[in-house]
Ligand code: PMV
């Protein structure tokens, strides 16, 4: 039996600004998806058997079934698997939108296939396979999710606006840090929200250019604060990043309430993470005790909270 795992991810800085070529920083999460692969006798027409034991948002697996089928087929084709196999997914990463669940799955599956068929692939080739897998759910993925899923740590990401290869530099923190992800309970469309920012940029070019310049300075500070584990500064920069995201109109009442609740309970920083207008809020909560306190405060407001770590 072959085994493998892949990390979840969260965007700490730079969602939306990244679309216009500014740097974004994502971190792998302490929670992973695991995959096992074993040879199996299949009925005719069947390519694999999937057992999905991951903890997940209700309905997530049903809604995403087609995307996961495409993901698995892409990985199997890329890795040249044409024998019947049984794939079992599990692990502690809660499968939900915004935590890189599909990339974690693609990375885990590629590693398990590599193990079962003794392919001897290195991380770079595993990452290529996971990227192929990501094309199933995402069409044209940026590559940040699969890179975090395969390598862990922090990824400084810059989109190539000319359409060539994006740059992804790996960074490390001195030690992992606890975070809380608060779930707004709302789903939003990345495509729509990204299009709204583009419209706003066209309507108010001068205002937006000031906001983008402020983000560029903030990103530079974050780039040095994270590897030094300067958590008070990281927290302040997260708060500032949330304000800038509010100004470009991608937050919502629920995300603002989540961030305010986390800060009131003692979080060092809090911001929306990912697309916005729904999805998740990330709060910096070093230490188990603070993490517990912030998660509890969020749950008391009727939201769900995920406790995990960055910089793993
Ligand atoms: O919601 P997520 O985790 O898929 O992140 C989207 C990030 C955006 O910057 C809004 C879009 C993008 O393609 O970078």
Going through (1) within 16 Å of the ligand (Cβ to nearest atom); (2) in contact with a helix residue (DSSP H, G or I) (Cβ under 8 Å, 6 or more places away or on another chain); (3) at pLDDT below 95 one by one, residue 7 fails only at (3)
Within the range 268-282, can one find any residue that is more than 13 Å from the ligand (Cβ to nearest atom), closer than 20 Å to residue 177 by Cα and outside any strand (DSSP E or B)?
yes
Counting only residues in the range 279-294 that are crowded, with 22+ Cβ neighbours inside 10 Å and in contact with a helix residue (DSSP H, G or I) (Cβ under 9 Å, 6 or more places away or on another chain), the one modelled with the lowest pLDDT is identified as 279
Going through the range 11-28 in order, the residues found to be touching a strand residue (DSSP E or B) at 6+ places or on another chain (Cβ under 6 Å) and either closer than 22 Å to residue 164 by Cα or within 8 Å of the ligand (Cβ to nearest atom) (or both) are 11, 14, 18, 23, 24, 25, 26
Answer yes if at least one residue in the range 157-168 is at pLDDT 95 or above, away from the ligand (no atom under 12 Å from the Cβ) and on the phi < 0 side of the Ramachandran plot, and no otherwise. no
Over the range 245-262, the set of residues surrounded by 19 or more Cβ atoms within 10 Å (Cβ to Cβ) and over 22 Å from residue 100 (Cα atoms) is 248, 261, 262
**Message:** Residue under question is residue 34, and the condition is that it be in contact with a helix residue (DSSP H, G or I) (Cβ under 6 Å, 6 or more places away or on another chain), within 16 Å of residue 102 (Cβ to Cβ) and modelled with pLDDT of 95 or more; does it hold?
**Reply:** yes
Of the residues in the range 181-219, those that are at pLDDT 95 or above, within 25 Å of residue 262 (Cβ to Cβ) and assigned to a helix (DSSP H, G or I) come to 197, 211, 214, 215, 217, 218, 219
crowded, with 24+ Cβ neighbours inside 10 Å and at pLDDT 95 or above: is that true of residue 298 in this structure?
yes
Taking the range 91-105 and the residues there that are assigned to a helix (DSSP H, G or I) and within 18 Å of residue 312 (Cβ to Cβ), the one that is farthest from the chain's Cα centre (by Cα) would be 105
Selection from the range 56-81 of residues out of contact with any strand residue (DSSP E or B) (no Cβ under 8 Å at 6 or more places or on another chain), over 25 Å from residue 186 (Cβ atoms) and part of a helix (DSSP H, G or I) yields 69, 70, 73, 74, 75, 77, 78
Scanning the range 143-156 for residues that are more than 13 Å from the ligand (Cβ to nearest atom), out of contact with any helix residue (DSSP H, G or I) (no Cβ under 7 Å at 6 or more places or on another chain) and not in a strand (DSSP E or B) gives 152, 153
(request) Within the range 69-77, identify whether any single residue is within 16 Å of the ligand (Cβ to nearest atom), touching a residue at least 40 places away in the same chain (Cβ under 8 Å) and touching a helix residue (DSSP H, G or I) at 6+ places or on another chain (Cβ under 7 Å), and answer yes or no. (result) yes
Cβ pairs under 7 Å, 6+ apart or interchain, first in the range 163-192 and more than 19 Å from residue 10 (Cβ to Cβ) and free of Cβ contacts under 8 Å to residues at least 60 places away in the same chain, second in a strand (DSSP E or B) and within 15 Å of the ligand (Cβ to nearest atom), ordered by first then second residue, are 167/158
Across the range 39-63, the tally of residues that are under 25 Å from residue 77 (Cβ atoms), at pLDDT 90 or above, within 19 Å of the chain's Cα centre (by Cα) and surrounded by 16 or more Cβ atoms within 10 Å (Cβ to Cβ) stands at 1
Practice item. Please verify whether the range 82-90 includes one or more residues that are under 18 Å from the mean Cα position of the chain (by Cα) and either part of a loop (DSSP other than H, G, I, E, B) or within 16 Å of the ligand (Cβ to nearest atom) (or both). Key: no
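The values are calculated or read from the model by the stated rules, or taken from the named source; none is laboratory data. Because the structure is a prediction, the values reported are computed rather than measured. Positions of Cβ are generated from backbone atoms using ideal geometry, with glycine treated the same way; all protein chains shown enter the neighbour counts.
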